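Presented below is the structure to which this report refers.
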Amino acid sequence: MNISIFGLGYVGAVSLACLARDGHQVVGVDIDRAKLDLIAAGKTPVVEEGMVDLMAAVVASGKVTVSQNVAEALGATDVSLICVGTPSAPNGSQDQGALLRVAQEMGAALRTKPNGHVFVFRSTVVPGTVEDMLLPLLERESGKKEGVDFHVCFQPEFLREGSSIRDYDKPPFTIVGSRGESAVAALRALFGHLPCEFRITTIRAAETVKYCCNNFHALKITFANETARLCEALGVDPFAVMDLVCQDTQLNISRAYLKPGFAFGGSCLPKDLRATMYLAKTRDVELPMLGSILQSNRAHIDLALAKVLGSGARRVGMLGLSFKPGTDDLRESPLVTMAEHLIGKGLNLLVYDPEVHLSSLLGANRRFIEQHLPHIGQLLRPDVAEVIGHAEIVIVGMQDQRVLDGLRQHLHRDQRVLDLVCLPESARLGRYEGLCW
Ligand SMILES: NC(=O)c1ccc[n+]([C@@H]2O[C@H](COP(=O)([O-])OP(=O)(O)OC[C@H]3O[C@@H](n4cnc5c(N)ncnc54)[C@H](O)[C@@H]3O)[C@@H](O)[C@H]2O)c1
């Protein structure tokens with residue numbers, strides 16, 4: 001394939017060398033003349049393991065040329081990978097100056113190109129950039145139509161500096177955000193052979209995934225480092241602790257707890273986080289990330305409350321009360337916090353939770369309810385139909401067959417539903433709203 005690469009920094013230079021190695025004809029474009037001269041001489045513009053030999057080999061093979069002429073590079077190729085820098089502006093926003101400039105130049109060059117073109121944006125960009133800014137800019141400058149005369153897509157780059165050729169050859173996955181098959185086909189030809197999943201999604205999701213991955217990596221590093229600071233203060237070996245933490249691939253290093261849903265609660269996580277923070281305080285250890293978790297959890301409850309109060313409904317039905325399905329434990333349940341707040345606001349609340357009702361009948365949880373939540377205990381009803389029938393808005397806080405059946409059988413089309421548990425599509429009935437989906 002004939003490929004042009006715009007921006008020959010770490011991402012662009014490594015992609016240029018690897019694509020040429022894989023047999024493609026590649027034109028490198030950069031505004032930095034010094035980088036172009038280095039590449040033309042068979043030298044690498046970035047210090048990366050393996051790049052000295054690889055660049056010398058691919059330039060000698062005749063598979064690589066360089067240019068500062070955008071129209072020439074576009075005219076000679078079918079696909080462009082855009083890898084220019086997107087650094088931080090002083091206020092923390094993303095500086096898209098280079099990206100907008102290159103898109104404008106490519107659009108102008110496209111105006112006179114007789115055949116189509118695929119633009120693959122690889123720079124990390126805030127979600128919405130490709131479809132809201134770059135695509136309209138390309139259309140305006142070229143006078144042509146995306147999806148007809150040319151195609152755009154977004155393919156996040158996952159290589160790490162220091163091991164970039166190895167990462168290029170073995171990425172965690174290939175993600176292509178696309179609006180149609182044409183762009184996907186071109187990328188399959190370039191990257192389909194790599195030993196990883198090739199996943200297609202929307203452009204916005206692909207843009208967002210890149211940020212999520214980097215944020216998650218930052219979160220993991222900070223978690224390990226905050227843990228180490230506390231360990232040191234306690235005279236505990238942080239490597240032994242983190243090594244054991246990582247050995248749990250059931251709950252720790254796994255998909256567990258990574259599905260969006262409602263706030264956490266229960267008898268362990270909140271109290272143990274508080275104890276950790278108190279311990280850190282007594283040892284003069286700063287743990288800002290761990291210290292902000294309960295605040296963030298509370299913000300999730302506040303969001304749900306704002307949605308219920310914002311609906312204007314006065315009669316509320318809550319399905320679920322304990323902190324997770326399959327238990328009657330009400331300690332620090334976020335649904336109890338919500339119920340107390342709604343009662344405090346004078347709303348007319350009824351609650352259905354089969355586990356809690358059963359335990360209060362059996363006496364197991366009765367004392368807790370009588371002592372701590374007598375006002376909520378009186379609102380519990382054994383019949384899901386009664387709670388749904390009473391409500392202008394139904395808050396779904398548990399996923400359980402009895403709740404799903406109740407919704408399917410008793411919910412009217414004009415009743416509002418606030419889903420906190422990510423109900424299956426088939427149960428998203430009434431005037432449905434997800435908490436944040
Ligand atoms: N460095 C990484 O490990 C890495 C990994 C994944 C994603 N990314 C993302 O990829 C993008 C590129 O990162 P990088 O580290 O390679 O950047 P970089 O700063 O090393 O290189 C960017 C290059 O773009 C060139 N450039 C600027 N304006 C141009 C224009 N109008 N036309 C042509 N070239 C132009 C610059 O001269 C420079 O050589 C960024 O959005 C970054 O966030 C980087």
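The values are calculated or read from the model by the stated rules, or taken from the named source; none is laboratory data. This one's a predicted model, so the numbers in the text were calculated from it and none came from an experiment. No Cβ is skipped: glycine too gets one built from the backbone with ideal geometry, and neighbour counts run over all protein chains shown.
Some notes on this structure:
- Residue list for the stretch 1-14, filter: within 23 Å of Leu110 (Cα to Cα), within 15 Å of the ligand (Cβ to nearest atom) and not in a loop (DSSP other than H, G, I, E, B): Ile3, Ser4, Ile5, Phe6, Gly12
- Some residue of the stretch 418-429 being within 39 Å of the chain's Cα centre (by Cα), among the acidic types (Asp, Glu) and surrounded by 20 or more Cβ atoms within 10 Å (Cβ to Cβ): yes
- Qualifying residue in the stretch 261-279 (condition: of a type in the set (S, T, N, Q), surrounded by 10 or more Cβ atoms within 10 Å (Cβ to Cβ) and part of a helix (DSSP H, G or I)): yes
- Qualifying residue in the stretch 45-64 (condition: within 9 Å of the ligand (Cβ to nearest atom), closer than 20 Å to Leu187 by Cα, touching a strand residue (DSSP E or B) at 6+ places or on another chain (Cβ under 6 Å) and assigned by TED's automatic domain parsing to the domain that holds Gly107): no
- Residues of the stretch 170-197 classified as away from the ligand (no atom under 15 Å from the Cβ), closer than 17 Å to Val11 by Cβ and assigned to a helix (DSSP H, G or I), total: 2
- Hits in the stretch 15-37 (condition: touching a strand residue (DSSP E or B) at 6+ places or on another chain (Cβ under 9 Å) and within 14 Å of the ligand (Cβ to nearest atom)): Ser15, Leu16, Ala17, Val27, Gly28, Val29, Asp30, Lys35, Leu36, Asp37
- Applying the set (1) farther than 19 Å from Met277 by Cβ; (2) free of Cβ contacts under 8 Å to residues at least 24 places away in the same chain to Val245 leaves exactly one unmet item: (1).
- Odd one out for Gln415 among (1) surrounded by fewer than 20 Cβ atoms within 10 Å (Cβ to Cβ); (2) farther than 21 Å from Glu340 by Cβ: (1)
Residue-by-condition table, conditions (1) away from the ligand (no atom under 16 Å from the Cβ); (2) under 21 Å from Glu157 (Cα atoms); (3) buried (at least 17 other Cβ atoms within 10 Å of the Cβ); (4) not assigned by TED's automatic domain parsing to the domain that holds Phe6:
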position	(1), (2), (3), (4)
Ser93	no, yes, no, no
Gln104	no, no, no, no
Ala109	no, no, yes, no
Val118	yes, yes, yes, no
Phe121	no, yes, yes, no
Pro127	no, yes, yes, no
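- Exclusive hit being under 24 Å from Arg298 (Cβ atoms) and surrounded by 13 or more Cβ atoms within 10 Å (Cβ to Cβ), set Gly346, Gly397: Gly397
- Which numbered condition Leu74 fails, given (1) of a type outside the set (Gly, Ala, Ser); (2) buried (at least 22 other Cβ atoms within 10 Å of the Cβ); (3) within 9 Å of the ligand (Cβ to nearest atom); (4) within 25 Å of Asp149 (Cα to Cα): (3)
- Flag for Arg381 being over 16 Å from Leu418 (Cα atoms) and out of contact with any strand residue (DSSP E or B) (no Cβ under 8 Å at 6 or more places or on another chain): no
- The stretch 201-220 residues that are under 26 Å from Ser292 (Cβ atoms), paired with ones that are hydroxyl-bearing (Ser, Thr, Tyr) (beta carbon under 9 Å, 6 or more apart): Glu207/Thr124; Glu207/Thr129; Val209/Thr201; Lys210/Thr124; Tyr211/Thr124; Asn214/Thr124
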